Amino acid sequence: MPASNSIPLHNGQAVDVEQIPVLKVNAFRNSVIDAVKSGMRIASLFAAPSNHDHLRLFAVLADDNAGSLSVLSSDVADKYPALTPDCTQAHLFEREIAEQWPVVPEGHPWLKPVRFHSPYLAGPDARGRKSEAHAAPSVMDFFKVTGEQVHEVAVGPVHAGIIEPGHFRFQCHGERVLNLEISLGYQYRGIERALLGGPDKRTLHYMQTIAGDTTIGHTTAYCQLAESLSGDTVSPRAQSLRGIAMELERVANHTGDLGALAGDVGYLPTSSFCGRIRGDFLNMTALMCGSRFGRGQVLPGGVGFDMTSEDSDLLAERLARSLKDLTVAADLLWNTPSVLARFEDTGTLQAQVCRELGMVGVPARACGVETDCRFNFPAGIYRFAQIHVSTGNTGDVFARAYVRWLEVQRSIAFIRDQLEALPDGRVRTQTKPLSPHKFGVSLVEGWRGEICHVAMTGPDGSLCHYKIVDPSFHNWTGLAMAMRDQQISDFPLCNKSFNLSYCGHDL
Amino acid sequence: MIKALLARLQQGHRTVRFPKTDPGLPERFRGRPILTDERTMDEKTRDELFGRCPTDALRNDADGLTIDLGRCLFCGQCAGDCSAGAIEFSKDYRLAARSRTDLILRGHEMNLAEALNEKTRSVLGRSLKLRQVCAGGCNACEADTNVLGTVVYDLGRFGVQFVASPRHADGLLITGPVTENMKLALEKTYDAVPDPRIVIAVGACAISGGPYVDLPAVHNGADAVVPVDLYIPGCPPHPLTILDGLLRLLGKIK
């Protein structure tokens, strides 16, 4: 069932911008709130300039059970009643809107900056700041707990390891964390703005580096979207090769995470084995396209590199060898009581909280929430080759680790099946220019979870708005919730069990 | 315990014998480009070729075609047929240079990074502690730097180690184009490193801004903020490229 007053879409479909219903703001608000109450998720919520000097709010709602998307919109002036008080999922989206545009979501309980950048338009923004005023990162009022023996711990932006920057502010009572507030934006490069007027020669490179560890995921989301806007089709062989690259990316990152989780509880055998095996998987991606991160593999119209039968035999052989090594390394985790004692009941997240926040990917599935775009919104090769949704039920570090292990095994089985029956044909077709006045949505299950790209084209077919939602955008708040009532010393372990992207969030 | 020992036996010894032997690179790896005489190209082909480069790394001066490895994303868009064979990407992973101008490549030859001077090397040569700062990097350069710590590359055997505090460090390894929001943190981290200190810029972003060059929210690389002693190109550089650069700086590869 699509949300009321909306237009239904399926993943990778584009419609004319005019076909999207424009509602009165109260009707828009009620439709979104009711849809979320009935179990749908906000995949994207953003403001974009419309033709008449107005800002227009767009909501993309995802119905996991029906596999359908609903899009609706509403024109707003300088303020509108915020959705957040009645719909928690909207909280970060509305903060984002208020940071970018001079429009205030009234009644939002927590209207703080998200990325600390200059507002998009000249003139005072939603907070009355001048356009040239650059907000210094993390300069804001943090949530504070006061009381005897309550203390505050501030960590970052520069961290102890080789890791991206972010600021974490803990309110603690002794070792116990009462609240964690996460302040990001250090990685803000301004990708969404830089995409406007494209596609051009840099577009693909922005997509490949939104989050460099998710090159295939984000690039696939973009290509799927561009193909829907131009009406291009992709050959079955290219779809299959994209799927292989996507699952290799998942396997490599999940393997790295299993190793890092082992490292964070001081279990060195699996830590050192997985560090190496992760590299083996990255090298398999390099076997396909020359780059360990899949740069240059996924392109509009298909893929950059075909595979010979020797390549595919070699890949299958290396895959089997690495799976054997990884099985040994992972089984050590599940059979070592000191590891399990640290994984179990640490950083537990309730399914209810997860749903309320609209979380996606591994942390959601680890709570038993069955959401996986490959299954719920299949596109490309996933329409023909289904992968079971891997879930856990305890919502703790253990569940997040074990779901990764289940997914690795299923992804490797998928790649093996694909390699055995690669369709014939070309791997890339000539693409057409994007059609004018279109609105398209593309969802991809990246290794961290749902990646959502939305694009609108102007009268000449160039991109006049582009919205990227990395799974981390949904999930960072989940990490903060998982840390409540935990020992502060468990933060590295909890953080690693989510392993969210900083640059994917900051864009 | 016995299971862990059996697993250790099963996994085997995995450290590469680099730099004694060269570990193989994949067939499609795009390493240092080789430029041949571009005069075979007519003007139209050349303009088209330059137009393909996402970061304007290709230039043409009085002496012919050049490519700036500091800007190059190694995407290969300019190579092969479209350049009438004037540009090819070789499998040579050695790319590190000591100065920005050494990254402007012409023809076949390249001035690879020379070692630190004798005096600095006597202090840092056998034990180099680095603090990594990600200043807007996409986590690809970071990941392939991190990989040097795994058993495959075993960076520790060369006396190089990444440390948690700039106070414990002899230098910085910087990734990312240096976003406006990371500029202050980078400056403060640099100030906290005691002298003598070195700075290594890893990846196209940290050298020139990479794909983000000239965007309003970035500073076009590390040397806009701090002096850089070693540039390691790539998007991202292969772990071997980074390792090769570090070892050249320490005089362990000549």
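The values are calculated or read from the model by the stated rules, or taken from the named source; none is laboratory data. Since we're looking at a predicted model, the values are computed, not measured. Note that each Cβ is placed from the backbone with ideal geometry, even for glycine, and that neighbours are counted across all protein chains shown.
Within region A:314-368, which residues are farther than 23 Å from A:ARG176 by Cβ, under 18 Å from the mean Cα position of the chain (by Cα) and assigned to a helix (DSSP H, G or I)? Matches in region A:314-368: A:ARG355, A:GLU356, A:GLY361, A:VAL362, A:ALA364, A:ARG365.
Out of A:PRO423, A:PRO378, I need the residue that is surrounded by fewer than 24 Cβ atoms within 10 Å (Cβ to Cβ) and farther than 18 Å from A:PRO471 by Cβ. Which one?
Within the list A:PRO423, A:PRO378, the selection yields A:PRO423.
The set of residues in region B:192-208 being in contact (Cβ under 8 Å) with a residue 24 or more places away in the chain and more than 20 Å from the chain's Cα centre (by Cα) consists of B:ALA192, B:VAL193, B:PRO194, B:PRO196.
When you look at B:ASP22, is it modelled with pLDDT under 90, in a loop (DSSP other than H, G, I, E, B) and either away from chain A (no Cβ under 11 Å) or within 20 Å of the chain's Cα centre (by Cα) (or both), yes or no? So B:ASP22 passes the test. Residues that are out of contact with any His (no Cβ under 6 Å at 6 or more places or on another chain) and either assigned by TED's automatic domain parsing to the domain that holds A:GLY361 or more than 22 Å from A:HIS505 (Cα to Cα) (or both) occur at least once in region A:86-95. Of the candidates A:LEU178, A:LEU195, the single residue that is more than 21 Å from A:CYS373 (Cα to Cα), modelled with pLDDT of 95 or more and not assigned by TED's automatic domain parsing to the domain that holds A:ASP325 is A:LEU178. Scanning region B:132-147 for residues that are of a type in the set (A, V, I, L, M) and more than 7 Å from every other protein chain (Cβ to nearest Cβ) turns up just one, B:ALA135.
Would you say A:GLY425 is part of a loop (DSSP other than H, G, I, E, B) and either farther than 29 Å from A:ALA226 by Cα or not assigned by TED's automatic domain parsing to the domain that holds A:GLY304 (or both)? For A:GLY425, the condition - part of a loop (DSSP other than H, G, I, E, B) and either farther than 29 Å from A:ALA226 by Cα or not assigned by TED's automatic domain parsing to the domain that holds A:GLY304 (or both) - is not met. When B:GLU114 is tested against (1) part of a loop (DSSP other than H, G, I, E, B); (2) facing chain A (nearest Cβ under 10 Å); (3) within 16 Å of the chain's Cα centre (by Cα), just one condition goes unmet, and that condition is (2). If you check A:SER442, A:SER472 for being crowded, with 24+ Cβ neighbours inside 10 Å and not in a helix (DSSP H, G or I), only one passes: A:SER442.
Considering every residue within region A:476-498, establish whether at least one is in the same structural domain as A:LEU258 (by TED's automatic domain parsing), among the polar types (S, T, N, Q) and modelled with pLDDT of 95 or more. Among the residues of region A:476-498, not one is in the same structural domain as A:LEU258 (by TED's automatic domain parsing), among the polar types (S, T, N, Q) and modelled with pLDDT of 95 or more, which makes the answer no. Among the residues of region B:34-52, is there at least one that is out of contact with any Phe, Trp or Tyr (no Cβ under 8 Å at 6 or more places or on another chain), surrounded by fewer than 21 Cβ atoms within 10 Å (Cβ to Cβ), modelled with pLDDT of 90 or more and not in a helix (DSSP H, G or I)? No, that holds for no residue.
Tallying residues that are within 15 Å of A:SER322 (Cα to Cα) and touching a residue at least 40 places away in the same chain (Cβ under 8 Å) within region B:5-21 yields 1.
Consider region A:272-306 and keep the residues that are hydroxyl-bearing (Ser, Thr, Tyr) and part of a helix (DSSP H, G or I). The one that is surrounded by the most Cβ atoms within 10 Å (Cβ to Cβ) is A:THR285. For region B:229-240, a residue qualifies if it is touching a Leu at 6+ places or on another chain (Cβ under 6 Å) and surrounded by fewer than 24 Cβ atoms within 10 Å (Cβ to Cβ), and exactly one does: B:LEU230. Scanning region B:104-130 for residues that are in contact with a Lys or Arg (Cβ under 9 Å, 6 or more places away or on another chain) and modelled with pLDDT of 95 or more yields nothing.
Give me the residue from region B:25-57 that is facing another protein chain (nearest Cβ under 10 Å) and small (Gly, Ala, Ser) and, out of that set, nearest to B:LEU243 (Cα to Cα). The residue in question is B:GLY31. Just to be sure, is A:PHE491 over 20 Å from A:VAL153 (Cβ atoms) and of a type in the set (Phe, Trp, Tyr)? So A:PHE491 fails the test.
Of all residue pairs spaced 6 or more apart or on separate chains, those with beta-carbon atoms under 8 Å, a first member in region B:58-83 that is within 14 Å of chain A (Cβ to nearest Cβ) and a second member that is surrounded by fewer than 20 Cβ atoms within 10 Å (Cβ to Cβ) and assigned to a strand (DSSP E or B) are B:LEU58/B:THR66; B:ALA79/B:GLU88; B:GLY80/B:GLU88. Among the numbered conditions (1) surrounded by fewer than 18 Cβ atoms within 10 Å (Cβ to Cβ); (2) touching an Asp or Glu at 6+ places or on another chain (Cβ under 8 Å), the only one that B:LEU65 does not meet is (1). Any chance region A:49-70 includes a residue that's assigned to a loop (DSSP other than H, G, I, E, B), touching a Gly at 6+ places or on another chain (Cβ under 8 Å) and at pLDDT below 95? Looking through region A:49-70, at least one residue is assigned to a loop (DSSP other than H, G, I, E, B), touching a Gly at 6+ places or on another chain (Cβ under 8 Å) and at pLDDT below 95. Only one entry in A:ALA480, A:ALA421, A:ALA401, A:ALA455 is free of Cβ contacts under 8 Å to residues at least 12 places away in the same chain and out of contact with any Ser or Thr (no Cβ under 6 Å at 6 or more places or on another chain), namely A:ALA421.
Report yes if some residue within region A:264-271 is assigned to a helix (DSSP H, G or I), of a type outside the set (D, E, K, R) and within 8 Å of chain B (Cβ to nearest Cβ); otherwise report no. Yes - at least one qualifying residue is present in region A:264-271. Taking every residue in region A:327-351 that is farther than 21 Å from A:ARG410 by Cβ and without any contact (Cβ under 8 Å) to a residue 60 or more places away in the chain and pairing it with any residue that is outside any helix (DSSP H, G or I) and of a type in the set (A, V, I, L, M), at least 6 positions away or on another chain, the pairs with Cβ-Cβ distances below 9 Å are A:ALA341/A:VAL265; A:ALA351/A:VAL369.
Residues of region A:247-261 include none that is more than 30 Å from A:GLU344 (Cα to Cα) and either among the charged types (D, E, K, R) or modelled with pLDDT under 95 (or both). Against the conditions (1) crowded, with 24+ Cβ neighbours inside 10 Å; (2) small (Gly, Ala, Ser); (3) modelled with pLDDT under 95, A:GLY217 satisfies every one except (3).
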